[in-house]
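The values are calculated or read from the model by the stated rules, or taken from the named source; none is laboratory data. Note that the structure is a prediction, hence the values are computed from the model and not measured. For neighbour counting, all protein chains shown are included, and Cβ atoms are generated from backbone atoms with ideal geometry for every residue, glycine included. For the accessible areas, the whole protein counts, side chains as well, though only heavy atoms, and no ligand, DNA or RNA atoms are used. Shrake-Rupley method; radii C 1.70, N 1.55, O 1.52, S 1.80 Å.
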Amino acid sequence: MSRVVKSVSSSLLALYAVLLLAGCGAATKVSVAPDFKPGPEQEAIYIFPFTTTLVPENFSESVFNAYVDDLNDNHAKTNATWFSIIKEDMKNVDQQWLARQFYITGEIWSYLENSGCCSTELRAKARLQFYEVGKKEPSMEVYIPLETFFEHDRSTLAVERDRLAKRLAGEMTAQTLKALRKQ
């Protein structure tokens, strides 16, 4: 009987910790310039590859690829025909051409894997910046901090890292679609 009580107590403690982390975690913050307009119908909205700082490459690539794929799967909700990746470094792109485009940049940083004997906490932060035609400063910025917690006997680091990447891409997509939805 005491094993059952310990198991239930352990599960309740883990649930409490997850709820505590979710409740205390920072929320997505959106900053929008007063004159921000999603833009007229356009063929493409361009996305530059995200900059990363101390983030595992497979994590950042998963986030970026899922984000672009999700946006293209949902382009009909926006005024864009598709979302296109610009693979060149921004400084190598014709600046006169770029000034006539609506484009998005992003970054991922502060990735953390904090493991103990029985559980691991994962965290990452991301930022999206939306640039309107003719503007040198972003008209909208979205800050997204995410975290998760798992017990080692219930999941693996690879599975949870992938889940966090998908959650981050999903939140980025949701915020982008909200900002660019058809009027």
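Taking the stated definitions as given, is E113 in contact with a Leu (Cβ under 9 Å, 6 or more places away or on another chain), within 27 Å of L146 (Cα to Cα) and modelled with pLDDT of 95 or more? Before you say what the answer is, go through the steps one by one.
Details: in contact with a Leu (Cβ under 9 Å, 6 or more places away or on another chain): yes; within 27 Å of L146 (Cα to Cα): yes; modelled with pLDDT of 95 or more: yes.
The answer is yes for E113.
Given the residues R163, R123, R127, R100, which is the only one that is among the basic types (K, R), surrounded by fewer than 17 Cβ atoms within 10 Å (Cβ to Cβ), without any contact (Cβ under 8 Å) to a residue 40 or more places away in the chain and outside any helix (DSSP H, G or I)? Reasoning before the result, please.
On the way: R163 fails: outside any helix (DSSP H, G or I); R123 fails: surrounded by fewer than 17 Cβ atoms within 10 Å (Cβ to Cβ); R127 fails: surrounded by fewer than 17 Cβ atoms within 10 Å (Cβ to Cβ).
On inspection, the qualifying residue turns out to be R100.
Looking at this structure, is E132 touching a Lys or Arg at 6+ places or on another chain (Cβ under 9 Å) and more than 22 Å from K166 (Cα to Cα)?
Against the criterion (touching a Lys or Arg at 6+ places or on another chain (Cβ under 9 Å) and more than 22 Å from K166 (Cα to Cα)), E132 qualifies.
Quick check on K91: is it closer than 23 Å to L157 by Cα and of a type in the set (K, R)?
For K91, the condition - closer than 23 Å to L157 by Cα and of a type in the set (K, R) - is not met.
Mind listing whichever residues of the range 132-155 are open to solvent by 30 Å² or more (accessible area, probe 1.4 Å) and either assigned to a loop (DSSP other than H, G, I, E, B) or in contact with a Phe, Trp or Tyr (Cβ under 7 Å, 6 or more places away or on another chain) (or both)?
Matches in the range 132-155: V133, G134, K135, K136, E137, P138, H152, D153, R154.
Looking at the range 47-70, I want the residues that are closer than 16 Å to T173 by Cβ and have a partner that is open to solvent by 40 Å² or more (accessible area, probe 1.4 Å) and assigned to a helix (DSSP H, G or I) with Cβ atoms under 7 Å, at least 6 apart or on another chain. Which pairs are those?
What qualifies is S62/D162; A66/K166.
Which residue, of V55, V63, V68, V30, is closer than 19 Å to A126 by Cβ, open to solvent by less than 80 Å² (accessible area, probe 1.4 Å), at pLDDT 95 or above and not in a helix (DSSP H, G or I)?
V55
A179 fails exactly one of the following numbered conditions: (1) within 16 Å of V32 (Cα to Cα); (2) modelled with pLDDT of 95 or more; (3) in a helix (DSSP H, G or I). What is the number of that condition?
So A179 meets the others, but not (2).
Condition first: in a strand (DSSP E or B) and either among the hydroxyl-bearing types (S, T, Y) or closer than 14 Å to T105 by Cβ (or both). Now tell me which residues in the range 71-94 satisfy that.
Our first condition is that a residue be in a strand (DSSP E or B); within the range 71-94, this holds for 78, 80-85.
Matches in the range 71-94: T78, T81, F83, S84, I85.
Right, W82: open to solvent by 50 Å² or more (accessible area, probe 1.4 Å), within 22 Å of K166 (Cβ to Cβ) and without any contact (Cβ under 8 Å) to a residue 60 or more places away in the chain or not?
Yes; evaluated as a whole, the condition is true for this residue.
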